[in-house]
1. Take the conditions farther than 18 Å from Val153 by Cβ, assigned to a loop (DSSP other than H, G, I, E, B) and at pLDDT below 85 and apply them to Asp53. Does it pass?
2. What is the number of the single condition among (1) outside any loop (DSSP other than H, G, I, E, B); (2) modelled with pLDDT under 80; (3) crowded, with 18+ Cβ neighbours inside 10 Å; (4) among the β-branched types (Val, Ile, Thr) that Val101 does not meet?
3. How many residues are in contact with a helix residue (DSSP H, G or I) (Cβ under 6 Å, 6 or more places away or on another chain) and of a type in the set (Asp, Glu) if we restrict to the range 248-286?
4. If Ala343 passes every condition in (1) among the hydrophobic types (A, V, I, L, M, F, W, C); (2) within 16 Å of the chain's Cα centre (by Cα); (3) within 17 Å of Phe238 (Cβ to Cβ) but one, which one does it miss?
5. Can you name every residue in the range 249-270 that is within 25 Å of the chain's Cα centre (by Cα) and either surrounded by fewer than 15 Cβ atoms within 10 Å (Cβ to Cβ) or among the polar types (S, T, N, Q) (or both)?
6. Hey, could you check the range 74-91 for residues that are in contact (Cβ under 8 Å) with a residue 60 or more places away in the chain and part of a loop (DSSP other than H, G, I, E, B) and say which is farthest from the chain's Cα centre (by Cα)?
7. Within the range 306-328, restricting attention to residues that are surrounded by fewer than 20 Cβ atoms within 10 Å (Cβ to Cβ) and over 20 Å from Ile236 (Cβ atoms), which residue is nearest to the chain's Cα centre (by Cα)?
8. Only residues in the range 241-259 that are over 22 Å from Gly309 (Cβ atoms) count as the first member; pair them with residues that are polar (S, T, N, Q) and assigned to a strand (DSSP E or B), Cβ under 6 angstrom, at least 6 apart or cross-chain, and list the lot.
Amino acid sequence: MKKGNNIMKMLKLIGVLAVITSLVACGRKAEAGTPDSWESFMENNYSISYPGDWGVDQSGQMGTSFILLSPLSSGEDRFTENVNLIIQDLTGRNLDLDGYVELSEGQIKTVATDGNIIESTRMTTETLDYHKLIYAGQQSAFNLKFVQYYWLVQDQAYVLTFTCEEDQFDDYQATGEKILNSFNLTVGNKAQAGAEAQTEAGALDNWASLTEDDYSISYPEDWELDQSGQAGTSLILFSPLSSGEDQFKENVNLLIQDLTGNNLDLDGYVELSESQIKAVTTDGNIIESTRMTTETSEFHKVIYAMEQGVQNLKFEQYVWVLEDKAYVLTFTCEEDQFDDYQALGEQILNSFSVNKG
């Protein structure tokens with residue numbers, strides 16, 4: 001019984017982090033700037049990227065390894081959206097990822113006022129599993145919403161949490177998840193991306209970047225870049241084949257369409273695109289359709305599945321409409337491989353940036 005109590009006390013740290021971040025917000029001044037440029041820092045066992053106008057607190061308060069703090073949006077803003085990391089030693093606790101998640105979910109329901117778990121999903125990669133949790137709850141005077149990633153590696157739990165006021169969540173979710181997906185866990189001197197799939201060819205230690213006049217994107221160095229313009233694309237990024245039997249290359253492609261004179265905004269473009277998916281494809285099924293809002297732009301995320309030829313495929317697509325142009329960025333994967341590649345695909349998608357002006 002004593003052992004169980006110790007674990008529960010240890011996990012209570014996760015539930016109270018929003019309190020300390022709200023107190024920090026009261027002392028921070030509003031900062032100018034938007035997250036057009038990103039910065040990174042690296043420690044012995046992890047690295048992470050974040051918007052250049054976010055603050056970094058590595059003082060260790062409340063047991064955190066760091067807290068990343070957004071700038072306040074106005075003089076009336078009293079809460080700083082943030083991302084924090086807790087690393088917990090589980091030596092002798094006999095806890096696996098399932099057990100840790102179960103205890104954490106129990107804490108959310110019992111410790112947080114009106115704690116409500118919205119999503120609980122196991123994310124599977126070829127080298128390292130993690131768990132994604134989205135939940136809401138009231139803490140002090142704030143109604144908050146959280147996105148949390150859990151990893152258990154070598155008797156240590158890594159808990160990475162994005163915290164936001166609930167009524168601001170749609171505005172900050174894309175930026176928050178981009179930060180979470182940039183987190184890279186290094187274990188035993190072998191880089192392992194906790195939030196990305198890895199091919200059998202080896203760990204994706206290195207990433208390359210491409211910058212054009214109107215956009216930039218990053219991708220794993222072992223992916224092939226094709227800018228030949230086939231099928232009207234601006235680029236196609238191809239994954240390496242995982243084996244001799246593998247006949248499909250997972251890929252990300254970008255289409256840029258001139259909408260001059262078409263009088264189409266983002267809503268209209270998405271509506272037409274979804275109609276096409278349903279009308280043109282075999283067994284086209286839209287799984288998710290979500291508007292994503294950041295501090296600098298708005299885009300739409302669509303996840304859908306369909307049959308093409310002999311292959312059952314699943315797609316994750318981001319759509320921007322800016323200055324009479326549509327930017328359509330699509331990750332394509334075999335449906336039965338989607339869980340293995342989704343985190344990596346999303347990391348590529350989230351690295352994309354439209355260069356305005």
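1. Answer is no for this residue.
2. (2)
3. Final tally of qualifying residues: 1.
4. It is condition (3) that Ala343 fails.
5. The answer is Asn251, Asn253, Asp267.
6. Thr91
7. Leu322
8. Listed pairs, sorted by first residue: none to list.
The values are calculated or read from the model by the stated rules, or taken from the named source; none is laboratory data. The structure displayed is predicted, hence computed values, not measured ones. Cβ coordinates were reconstructed from backbone atoms using ideal geometry, including for glycine residues, and neighbour counts include every protein chain displayed.
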